[in-house]
Amino acid sequence: MSLHILKTPISREEIQKIKLKDTVYITGTIVTARDQAHRRALSYFREGKELPFKLEERALFHCGPVVKKNDAKWQVIAAGPTTSKRMDIFEEEFLKNSKTRVIIGKGGMGRKTTEAMAKYGAIYCAFTGGAAALGAKAIKDVKGVKWLDLGIPEAVWILEVKDFGPLIVAIDTHKNNLFIDIEKEVEMKKQKILAKLQG
Amino acid sequence: MEQVDLVENVAFNLINQAVVYLPEDVKKALKRAYDEETSKIGKRQLKIILDNIALAEKEKVPLCQDTGIAKFYIRAGAQVKKLDEIEREILRAMQRATRDIPLRPNAVNPFTQKNSGDNTGRFTPSFDWEIVPGDNLELTVMIKGGGSENFGAIGMLSPSQGILGIKKFVIDTVVKAGAQPCPPTILGVAIGGGTEIATKLAKKALLRPLDKPNSDPSIAKLEKEIFEVTNMTGIGPMGMGGKTTILGVHIDYAHRHPATFPVAVALNCWAARRATAKIGTEGKVEYLNHNLF
């Protein structure tokens, strides 16, 4: 369980060295996207349009932040992760086209995304759900916001971060998936509990 | 000055307290969980949670970015005047809180997908009214995020499934939710009453402090049993494994129709945000679970 301080842009070689349960901190650019931004990004890919933000070798953050506008400048007040499972249906196509290197979220992602991460060289990092004050403290600047017509939570926020974390690697590039491992153990424990209750 | 004239300010303060400071009973339960957790990753998640709570308090910012959709529980004395103006005052507080704290605007029209921008809209925030004897006006706000709300469940069991059926349904609900409602969670469980009563009581049960078991000993025993079995699942803090999955179980019930046996489960994330105040006559305001103002 080693520690990695990743600076964007992050190379494929660097990401492949990282293992399940390692701790990661990120410095550089992270970009938020949740359900609606993923849907729009996919339609851009299908139409061959270029995204108005760059994710190549950078990090995607499943997050809808609390923000405040001081004069013309946006400031992030609170920014923890949202549930990543909702984005499972988009992520294979998203990774393929955006070349994102790290996805930050909570609650884990499924097999299809795990396969895509091995194929395209990306990892999934779990950030503690609700840790929004800690998240905001690591955000040094709002570089920009795109697709604000989707509303504040669903817009794409381009953030400059320093030592964003701690993040726990929950999917690595070798098809290991921490949440799926835990789910299997939980299912076995559940069967035992139910058998005991039946008497 | 009449009680209703104080409602906007009190409601604003309640929202502010709730999103920045967790109630003491929740903090205490999280600290105990941290002390007792044996999984290395699980313990680390709890440490990050405690650090985040402390940082939010220090910087006076919302501890979670999902500032939810607010629900207001109003216990109004029958002698309180201008009851018809209370909801309007709370709506104003909601809009001001969204702008000034600030909160994340979370009220989305389900057909147009348009975000209203100020956390108000049709049935948003929502209100639960109780008219009680006397002249006090008690307001409680519950701030609940989408992550935990997504895993609420209602089961229409067969009456013959009984208490064992209730336990199985709760375990299934907790396992199905897994990592996603931000465990360790708090469970509100309600039995009987039909679908709408059960779901309403289950959510309302989340308001009870964690150090207060049900006043009926037989129900308190069931709360303890469900607490123990759900914590044996090993889901752990943030679903990354460990012995802390549930911080507490609160059960409520209504009588049931002979043919039905509804069981509703409401989950609250570890960031169980609530705040209560009592507005007395002559402008006396008492904040009941936070001593900040």
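The values are calculated or read from the model by the stated rules, or taken from the named source; none is laboratory data. Model, not experiment: these values are computed from the prediction. Don't worry about glycine lacking a Cβ; one is built from the backbone with ideal geometry, like all the others, and counts go over all protein chains shown.
Kindly indicate whether any position in region B:61-82 is in a helix (DSSP H, G or I) and among the acidic types (Asp, Glu). So that I can check it myself, show each step before the final result.
Pass one, region B:61-82, residues in a helix (DSSP H, G or I): none.
Among the residues of region B:61-82, not one is in a helix (DSSP H, G or I) and among the acidic types (Asp, Glu), which makes the answer no.
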Check: Looking at B:GLU282, B:GLU228, B:GLU223, which one is away from chain A (no Cβ under 13 Å), surrounded by fewer than 16 Cβ atoms within 10 Å (Cβ to Cβ) and either assigned to a strand (DSSP E or B) or not basic (Lys, Arg) (or both)?
Finding: B:GLU282
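For the structure I just gave you, tell me whether B:THR98 is more than 24 Å from B:LYS27 (Cα to Cα), at pLDDT 95 or above, buried (at least 23 other Cβ atoms within 10 Å of the Cβ) and within 11 Å of another protein chain (Cβ to nearest Cβ).
Working: more than 24 Å from B:LYS27 (Cα to Cα): yes; at pLDDT 95 or above: yes; buried (at least 23 other Cβ atoms within 10 Å of the Cβ): yes; within 11 Å of another protein chain (Cβ to nearest Cβ): yes.
Criteria met by B:THR98.
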Margin query: So, in region B:155-197, exactly how many residues are aliphatic (A, V, I, L, M), within 24 Å of A:MET188 (Cα to Cα) and either in contact with a Pro (Cβ under 7 Å, 6 or more places away or on another chain) or within 12 Å of chain A (Cβ to nearest Cβ) (or both)?
Written below: 9
Next item on the list: Could you tell me which numbered condition B:LEU30 fails, if it satisfies all but one of (1) within 24 Å of B:GLY241 (Cβ to Cβ); (2) facing another protein chain (nearest Cβ under 10 Å); (3) buried (at least 17 other Cβ atoms within 10 Å of the Cβ)?
Entry: (2)
Check: Mind checking which residues of region A:6-24 are surrounded by 15 or more Cβ atoms within 10 Å (Cβ to Cβ), outside any loop (DSSP other than H, G, I, E, B) and under 16 Å from the mean Cα position of the chain (by Cα)?
Finding: A:LEU6, A:ILE15, A:THR23, A:VAL24
Note to self: Report every pair of residues separated by at least 6 positions or lying on different chains whose Cβ atoms are under 7 Å apart, first residue within region B:157-185 and among the aromatic types (Phe, Trp, Tyr), second crowded, with 24+ Cβ neighbours inside 10 Å.
What the structure shows: B:PHE169/B:VAL263
Next item on the list: Scan region A:149-180 for residues that are under 17 Å from B:CYS182 (Cα atoms), within 9 Å of another protein chain (Cβ to nearest Cβ) and either assigned to a helix (DSSP H, G or I) or among the basic types (Lys, Arg) (or both) and report the count.
Entry: 2
Item checked: Which listed residue, of B:VAL229, B:VAL285, is touching a residue at least 60 places away in the same chain (Cβ under 8 Å), within 26 Å of B:VAL61 (Cα to Cα) and among the β-branched types (Val, Ile, Thr) -> B:VAL285
Checklist line | Residue check for B:ALA70: within 30 Å of B:MET1 (Cβ to Cβ), away from chain A (no Cβ under 14 Å) and buried (at least 22 other Cβ atoms within 10 Å of the Cβ) | finding: yes
Notebook entry, point to check: Give me the pairs: first residue in region B:126-152 and under 26 Å from B:ARG104 (Cα atoms), second residue modelled with pLDDT of 95 or more and polar (S, T, N, Q), beta-carbon distance under 6 Å, and six or more apart or on different chains, which are they?
Noted result: B:THR140/B:THR276; B:GLY147/A:THR83; B:SER148/B:ASN268
Item checked: Where A:LYS146 falls short, out of the listed (1) charged (D, E, K, R); (2) surrounded by 17 or more Cβ atoms within 10 Å (Cβ to Cβ); (3) within 7 Å of chain B (Cβ to nearest Cβ) -> (3)
Note to self: Among (1) surrounded by fewer than 19 Cβ atoms within 10 Å (Cβ to Cβ); (2) assigned by TED's automatic domain parsing to the domain that holds B:LEU247, there is one condition B:ALA205 misses while meeting the rest; what is its number?
What the structure shows: (1)
Checklist line | Subset of region B:96-149 [in contact with a Pro (Cβ under 7 Å, 6 or more places away or on another chain) and on the phi > 0 side of the Ramachandran plot] | finding: B:GLY117, B:ASN119
Check: Pick from region B:108-124 the residues that are assigned to a strand (DSSP E or B) and within 8 Å of chain A (Cβ to nearest Cβ): which of them is surrounded by the most Cβ atoms within 10 Å (Cβ to Cβ)?
Finding: B:ASN115
Check: Can we say A:GLY105 is touching a residue at least 12 places away in the same chain (Cβ under 8 Å), closer than 13 Å to A:PHE61 by Cα, small (Gly, Ala, Ser) and part of a strand (DSSP E or B)?
Finding: yes
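Being out of contact with any Lys or Arg (no Cβ under 6 Å at 6 or more places or on another chain) and in a strand (DSSP E or B) is the filter here, so list the residues in region A:25-50 that pass it. Show your work before the answer.
The first filter runs over region A:25-50 and keeps only residues out of contact with any Lys or Arg (no Cβ under 6 Å at 6 or more places or on another chain), leaving A:25-26, A:30-34, A:36-50.
Those that are out of contact with any Lys or Arg (no Cβ under 6 Å at 6 or more places or on another chain) and in a strand (DSSP E or B): A:TYR25, A:ILE26, A:ILE30, A:VAL31, A:THR32.
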Item checked: Subset tally (residues that are buried (at least 21 other Cβ atoms within 10 Å of the Cβ) and outside any strand (DSSP E or B)) for region A:68-84 -> 5
Margin query: Can you pull out every residue in region B:88-122 that is of a type in the set (D, E, K, R) and more than 12 Å from A:ILE152 (Cα to Cα)?
Written below: B:ARG88, B:GLU89, B:ARG92, B:ARG96, B:ARG99, B:ASP100, B:ARG122
Checklist line | Scan of region A:54-96 for residues that are modelled with pLDDT under 95 and in contact with a Pro (Cβ under 8 Å, 6 or more places away or on another chain), ordered by number | finding: none
